[in-house]
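Derivation of every value follows stated rules applied to the coordinates shown; laboratory data play no part. As the structure is a prediction and not an experimental result, all values here were calculated from the model. Here the Cβ is made from the backbone with ideal geometry for all residues, glycine too, and neighbour counts use every protein chain on show.
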Ligand SMILES: [Mn+2]
């Protein structure tokens, strides 16, 4: 038996993208839908045997009419089955789309929180799964269970957390996955899955989200194409990441150490974005780092204006106002006193504390200079 599967999840359709501008938010909502449709079109055109969706297809239980129409259209265009395990964001509660049977016949959805399976006799595969039926799922549903038909290809399609045995998002310890004994575990829940996937080598993998939705989901995003082959000699699985998103969130640093002119800082921000090769399909955050002159007044919005040729630019000022600050340390007046008081926090190991102290010092220096 040999089969090809497209595995996705954590699409979070109808994410509001509220952190972006009023023009960009609706565009990114459309783009997320387009990315989903591109995956389904790929599945239709490349003749995969099955599509697996490992939960969180929607961002929340209120699904827009437009999105329901899109799912019906894209799923009905497929000649293969689609199997869905609802996750914590789109749980199978009594009002959910999963229960209302709005989807075409080739779509199989787990709606029970107990583990069960859909058999696909023509493909020789059984797909095991379960559903979140509320936001939280506190236990591992695999305990003591095994696939019923060991000679078939057994897939576990699951939304859960392999990184913590006390997770409230369905704990799935790697040892429990191994004991269950599926030929492959197609998982959802972790959007940036590189580290988690390292620990799952040979058992399964998270697909991650197909498109980043904010700077917490930066970098290349993809779906997973799974090739699985099973015969008397054993099981062979290979996976391939396939990208469908047009836009990506990207983060880089601009070292501003020693700078004392805002113009130079803004140009450093623009240069960092350029040197990282960010372009028209990138939503970019530049983090300003390093120690700068305490009197420098950095305006992140002004700095962002300098970053050209990208889809969206944002600047975060994470500099420390401690460059060349000997004159402040020696100041016998109130400015020196403020500086000396804040210095331990300016040099703290905790970034949040450093940030607060940096803002406090800049505010104090501006106030004492009569600028506020
Ligand atoms: Mn998710």
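What the table shows:
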quantity: C-alpha long axis of helix 351-368 to longest principal axis of the chain, angle in °; calculated: 30 degrees
quantity: Residue order, fewest to most surrounding Cβ atoms within 10 angstrom, among 363, 128; calculated: 363, 128
quantity: DSSP-defined antiparallel bridges as percent of all bridges, the chain, nearest 5; calculated: 35 percent
quantity: Percent RCO, i.e. relative contact order, over the chain, from Cα pairs under 8 Å lying at least 6 residues apart; calculated: 12 percent
quantity: Alpha-carbon Rg with Dmax, taken over the range 247-321, Å; calculated: 11.5, 37
quantity: Stokes-Einstein D (µm²/s) once Rh is taken as the Kirkwood radius of the chain over alpha-carbon pairs, at 20 °C in 1.002 mPa s; calculated: 92 µm²/s
quantity: Cα-based Rg and Dmax for the range 104-173, where Dmax is the largest Cα-Cα distance (Å); calculated: 13.0, 39
quantity: Binned Cα-Cα distances of the range 273-372, short to long, each 5 Å bin given as a whole percent; calculated: 2, 13, 21, 20, 14, 12, 9, 6, 3, 1, 0
quantity: D (Stokes-Einstein, µm²/s), Kirkwood Cα radius, the range 1-127, 1.002 mPa s at 20 °C; calculated: 140 µm²/s
quantity: GNM result for the chain, Cα springs below 10 Å: residue of 69, 38, 196 fluctuating most strongly; calculated: 69
quantity: Whole-Å semi-axes of the ellipsoid equivalent to the range 53-111 (Cα gyration tensor, √5λ, descending); calculated: 17, 13, 10
quantity: Compactness relative to 2.2 N^0.38 Å, alpha carbon Rg of the range 325-372; calculated: 1.12
quantity: Debye intensity ratio in log₁₀ form over the Cα atoms of the range 185-333, taken at each q of 0.10 Å⁻¹; calculated: -0.52
quantity: Sorted by Cβ density within 10 Å, fewest first, the residues 221, 311, 246, 332; calculated: 332, 246, 311, 221
quantity: Burial ordering of 140, 256, fewest other beta-carbon atoms within 10 Å first; calculated: 140, 256
quantity: C-alpha long axis of helix 65-76 to longest principal axis of the chain, angle in °; calculated: 50 degrees
quantity: The chain: angle of helix 24-45 to the longest principal axis, Cα-based, in degrees nearest 10; calculated: 30 degrees
quantity: Spatial separation of Cα centroids for the range 109-127 and the range 151-169, in angstrom; calculated: 14 Å
